[in-house]
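The values are calculated or read from the model by the stated rules, or taken from the named source; none is laboratory data. Computed from a prediction, not measured in an experiment: that's the story for all the values here. Here Cβ is always computed from backbone atoms with ideal geometry, including for glycine, and neighbour counts include all displayed protein chains. Side chains included, ligands, DNA and RNA excluded: accessible areas come from the protein's heavy atoms. Shrake-Rupley method; radii C 1.70, N 1.55, O 1.52, S 1.80 Å.
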Amino acid sequence: MSADAAPPMVEAIGLTKTFAIPAATLFGRARPVAAAVDVSFRIPRGRTFGLVGESGSGKSTVAKLLLKLEAPSAGRLLVEGQDIFAQTPAEELAYRRKVQAVFQDPYGALSPRMRADRIVTEPLRAHGMDRREAEARAPELLRLVGLPPDSARKYPHEFSGGQRQRLAIARALSVDPALLVLDEPVSALDVSVRAQVLTLLREMQQRLDLTYLFIGHDLAVVRYLSDTVGVMYFGRLVELGPARRVLRRPAHPYTRRLVALAAGDAPLGAVRLQGELPNPLAPPSGCLFRTRCPYADATCAARLPEMRLAEPDHLVACHHHEAVAAGAKAETGPMLQEA
Amino acid sequence: MPHGEPLLAIRGLNVEFGLPARPVRAVADADLTLAPGEILGIAGESGSGKTTLCAAVMRTLPRTARVSGRVEFAGKELLSLPEREMARLRGRDLAMVLQNPMTSLDPLYTIGNQLEEVLRERRRGGGAGRLGSAVEVLRRVHLTAPELRLRQYPHQLSGGMRQRVLVGMATAAAPRLLIADEPTTALDASIQDEILILFRELRESAGTAVVIVTHDLSAIRRLSDRVVIMYAGRIVEEGPTVEVFRAPRHPYTQALLASLPRIEEEEVVLQPIPGQVPDLARLPPGCAFAARCPAAIPLCREERPRERTVGERHRVFCWRAGEGAA
Amino acid sequence: MSAAAGERPGDAGGLFGGRIRAGAGRPPLFATAICLLLVVAALGGGAIAPYVPDEADFTAILAPPAWVEGGSLAHPLGTDQLGRDMLSRLIAGARISLLTAGAAVLAGGTVGVALGLAAGYLGGVVEAVVMRVVDAFLALPFILMALAFVAALGTGIGNIILVMMLTNWARYARLVRSEVVSIKKRDFVLLARVAGLRPLPIALRHILPNALTSILVLGVLDVGRAIILESSLSFLGLGIQPPDVSWGLALAEGRTYMTVAWWLTVWPGLAIVLAVMSFNALGEWLKAGFDPRGRL
């Protein structure tokens, strides 16, 4: 990807977002909590960047930044070389056409009091197309995502979860976007429907030359669409590389665990991770993952690991990545047994 | 039954909603038995009737539901049991864990308040010896720093911790049957296993039988002894988990397993099931899956398939199941 | 989930989810009937009333109701000290009471909804200023506030409506703001922003329709409250002035004759009680259906 002359579709440079947690006591001070810290990645045009992590890992924050629903505290976010947080109103409007989104909850994403044809064509109307012309395009959009054209006159509650997600995709595609932000688009769906929507997304990408930012927590699902995968833990990218390589030779102990889980055939209890995400108000010193990591030692408590090359194009933030990649220790953490 | 007296026996259970003239059969002709200490997984998609089936057993269905059939639990017929006796059974011998750990706890009271309340209730009902203190309950579900948790409010706990608390509450009196309806769906993958392990420990320490309802096939595969697959309100396949996952006999089970993303070599493969789940109010006369089934023959569209035994405690409702390769 | 139980609450189309199905339990039929009756009386007015309400008939002064000795079917509910027909006066009172209450609720609702929407959606300084004013208005006892305004502005129907609007808008603003704050975080609003919609269309097309049911519930409850306020002001002589008729005014006028002609005070009093209770019952029933968490 280094030889590309044109700028990549998306380039994030040191993206950081902190929120203020209101004071716990009357006279306490509001405390900052980092949702995303120093996140850098690039997505070439027509490719998919998959972002994996648990809830609270900051992956949805990255999505909201790219959608300009939040502003970063530091860092830059370039889309086709343009800083999206330094746009004129006209540029912003053009950007809103270029970038669309599909979210997780097929129930919450559609305005419950709007008919399908209006839902699907609302973005077109927001960009100045008149109502009749816009709604005339509804059947075509519905057909594109595999919904019968007569569903145009139905309300969201008349659709199943999978159909609603198709509706959400049709809406996102209505303005011919170049970039789709897919934030857990299949997590709330039944397995068979999930497979349908995933294949639809892949088909749309090939047909319309779309660039995807795909966010999920299931590595197998994310991997199905992604060319490059980034793994987030507690607001930071801990591993970044070509999907195949990350999958075959994960170099971060956290990724190793996700890969083992995604394989889905490990007996119950064989892949374990002690504890839960650390408290964001009192994060551990050094490496944030060390409290749950079988490889952790004194170095990990002392220093935050920098991103470094594990292989060409494959970055990892772990002091012990060579041992991890070699699989020196089982993913089994010590069992959580109380005395 | 090869395992002696069953703990739970469901016979010809039907649950209908809607107008009698145009009924929606959420559960149709369900037969099911569960041995003491057995872990049974019920899998199926939205609208398959798995949740309704459990609610019928717990008698927590809305009043508009019309239920028929028999549900025998430890020798008692639950459907005709007076509400007072049912209430006594619920929570002591019959416990339940729900999907959403965020809304199952009252945000206004501490974990300790809520746990004590449950324990008091159990003791009054002639509590079993297992109960113990609130701290012990939390310890049994491996919650870290249990003394601290008792003083905390639900919002101070993560989803996984809350679900642990709820499992602890539900199983404080060592129930004979625990019904868990999508207990891990709202949780992160790394925490899901921790909750599943609790169910297995519960069986080992208290001999509790568990019915786990979920669309997460991997959870069922790794936890349960037996699995029931439901489609459009009916059981389509039931058998030992290992056998069903290794060699599924119903085309729907086969399609469901094929639609899971699997990592093979370096690629992820998945195969969607074409078409859609049928409308329960307008079911075809034959097999509900026929329209989506690659192996369907004309008979499948005309007549509902009968039960066919294909192995020990392994039954399938499919006309073509006997032919070996479907 | 089963097909029947799988629907999420608040997820249905149409204003009332396609059909009225609010509330826990059966709809309050009696209260609804009373409310409808009052609305008919208010709209029908003179067409329904047997007499002109301020037409004096000195041949029938203080005639008792029909079933009391000395009463006649010509004046079923009796007459007042000037021989005016009580039934006709009650109907005329319903017109005035309901119209002022309705207009006040509409005016206060509009102002409150607009300010609440702006505060909730825009946030920041707008929200801070609007909500502090709301707090101030809610902190004042409304009857005192009304007295002060009437003293300053003078009586008359227009002023009464204005005064009642000043005392109720803040409650709408508070309700709408809290609704908007939660609705604007929902995915479909975020996606409308992603689609490029500007704030005003988002507020009007996505946020307001979803807050509408709560607003309607508050509106119905508020009618009862407005009737009380109007009656109180009229009773104190600060509201509706003769020759217009109002229940509160009738109550005040009948007070002098309470010992000799109970019907002069009982009928208007009963009308106020029934009207207020009915609108409250209807509102409570709607509230139980649309606002299970009791935020109103």
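Assorted remarks:
- Near C:Asn280: Cβ cut-off under 12 Å, other residues only, Lys/Arg at +1 and Asp/Glu at -1. The net charge is 0.
- Cα convex hull, chain C: 158 Å³ per residue, rounded to a whole number.
- For A:Tyr224, the solvent-accessible surface with a 1.4 Å probe is about 20 Å², rounded to the nearest 10.
- Over 14 Å [Cα-Cα, segment B:1-43], rounded percent: 59 percent
- The stretch between B:Arg63 and B:Glu201, if pulled fully straight at 0.36 nm per residue, gains 46.2 nm over its current Cα-Cα span.
- Coupling constants for segment B:309-316 follow from the phi torsions by the Karplus curve (6.51 cos²θ - 1.76 cosθ + 1.60, θ = phi - 60°), and in residue order they are 8, 10, x, 5, 6, 10, 10, 9 Hz; glycine and proline get x.
- Helix-only [θ]222 nm of chain C, DSSP H runs n ≥ 4, -39500 (n - 2.57) each, per residue, nearest 500: -21000 deg cm²/dmol
- Accessible surface, per residue, of the protein assembly as shown when the full set of protein chains is kept, probe 1.4 Å, Å²: 43 Å²
- B/A buried area, accessible surface, summed, 1.4 Å probe, Å²: 3500 Å²
- Taking every alpha-carbon pair under 8 Å whose residues sit at least 6 apart, segment B:71-154 reaches a relative contact order of 33 percent.
- Candidates A:Phe49, A:Phe159, A:Phe234: whichever shows maximal mean-square fluctuation once chain A is modelled as a Gaussian network with Cα springs under 10 Å: A:Phe159
- In the complete set of protein chains, residue-level accessible area for C:Ile228 is approximately 70 Å², probe 1.4 angstrom.
- Relative intensity, log₁₀ I(q)/I(0), of segment A:123-239 from a Debye sum that treats every alpha carbon as a point, q = 0.11, 0.16, 0.21 Å⁻¹: -0.41, -0.82, -1.24
- Largest to smallest principal axis extent of the C-alpha atoms in segment C:148-296, angstrom: 72, 35, 20
- When the GluC sites (Glu not before Pro) in segment B:265-326 are filtered for DSSP coil states and for at most 13 other beta-carbon atoms within 10 Å of their beta-carbon, the remaining sites are B:Glu265, B:Glu266, B:Glu303, B:Glu312.
- Volume per residue of the convex hull around the Cα atoms, evaluated for segment B:63-213, comes out as 127 Å³.
- When +1 charges are put on Lys and Arg Cβ atoms and -1 charges on Asp and Glu Cβ atoms, the dipole computed for chain C relative to its Cα centre reaches about 1500 debye.
- When the alpha-carbon atoms of segment A:10-248 are used, the pair Rg, Dmax equals 18.4, 59 angstrom.
- Contact order, relative form, for chain A: 18 percent (alpha carbon pairs under 8 Å, 6 or more residues apart, mean separation divided by residue count).
- Using the Karplus relation 6.51 cos²θ - 1.76 cosθ + 1.60 with θ = phi - 60°, the per-residue 3J(HN,Hα) values for segment C:90-102 come to 5, 5, 5, x, 4, 4, 5, 4, 5, 5, 5, 4, x Hz, with x marking Gly and Pro.
- For B:Glu147, the accessible area of its heavy atoms, probed at 1.4 Å with every protein chain present, is near 90 square angstrom.
- Distant-in-sequence amide contacts of B:Val227, defined by a placed amide H-H separation under 5 Å and a gap of 5 or more residues or a different chain, comprise B:Gly41, B:Gly239, B:Thr241.
- The mean number of Cβ atoms from other chains found within 10 Å of a Cβ in peptide A:211-221 is 2, as a whole number.
- By average C-beta atoms within 10 angstrom, highest first, the peptides C:255-267, C:275-287: C:275-287, C:255-267
- Centre separation in Å (Cα based) which lies between segment C:138-203 and segment C:247-280: 32 Å
- One way to sum up the overall shape of segment B:1-98 is the equivalent ellipsoid from its Cα gyration tensor, whose semi-axes run 22, 16, 13 Å, largest first.
- Segment A:Arg131-A:Glu311, length gained on full extension (0.36 nm per residue, minus Cα span): 59.5 nm
- Shielding by other protein chains, B:256-264, mean Cβ within 10 Å: 6
- Computed over chain A with a Gaussian network model linking Cα atoms closer than 10 Å, the most mobile of A:Pro148, A:Pro89, A:Pro72 is A:Pro89.
- Calculated FRET efficiency for the pair A:Asp176/A:Val33, C-beta based, R₀ 41 Å, to 0.05: 0.65
- Considering only B:Val242, B:Val210, B:Val268, the mean-square fluctuation computed in a Gaussian network model of chain B, springs between alpha carbons under 10 angstrom, is largest for B:Val268.
- With contacts taken as Cα pairs under 8 Å and at least 6 residues apart, chain B reaches a relative contact order of 19 percent.
- Accessible area per residue (1.4 Å probe, heavy atoms of protein chains only) ranks B:Ser259, C:Ser232 as C:Ser232, B:Ser259, with the largest value leading.
- Element breakdown for the protein assembly as shown at a 1.4 angstrom probe: carbon and sulfur atoms account for 57% of the accessible area.
- D (Stokes-Einstein, µm²/s), Kirkwood Cα radius, segment B:17-67, 1.306 mPa s at 10 °C: 128 µm²/s
- For the protein assembly as shown, alpha-carbon Rg relative to the globular expectation (2.2 N^0.38 Å, N residues): 1.11
- Loop-resident chymotrypsin sites (Phe, Trp or Tyr not before Pro) (DSSP state other than H, G, I, E or B) in segment C:39-113 with no more than 14 further Cβ atoms inside 10 Å of their Cβ: C:Trp67.
- Probe 1.4 Å, all protein chains present, accessible-area order of B:Thr33, C:Thr110, largest first: C:Thr110, B:Thr33
- Overall dimensions of segment B:8-323 by Cα: Rg and Dmax, Å: 20.5, 64
- Left without a cysteine partner by the 4.7 Å Cβ rule in chain A: A:Cys293, A:Cys318.
- With a 10 Å cut-off around each Cβ of A:152-159, the average count of Cβ atoms from other chains is 3.
- Long-range amide H partners of A:Thr48 with built H, under 5 Å: A:Tyr212, A:Asp227, A:Thr228
- Pairs from the list A:Lys17/C:Lys184; A:Lys64/A:Lys154; A:Lys154/C:Lys287; A:Lys68/A:Lys98; A:Lys59/C:Lys184; A:Lys64/C:Lys184 with a Cα-Cα gap above 18 Å: A:Lys17/C:Lys184; A:Lys64/A:Lys154; A:Lys154/C:Lys287; A:Lys59/C:Lys184.
- The angle between the Cα long axis of helix C:208-235 and the main principal axis of chain C comes to about 30°, on a 0 to 90 degree scale.
- Value of D in µm² per second that Stokes-Einstein yields for segment C:87-218, Kirkwood Rh from Cα pairs, at 20 °C (1.002 mPa s): 133 µm²/s
- The H on the amide N of A:Ala101, modeled in the peptide plane, is under 5 Å from the matching H of A:Val181, each at least 5 residues off or on a different chain.
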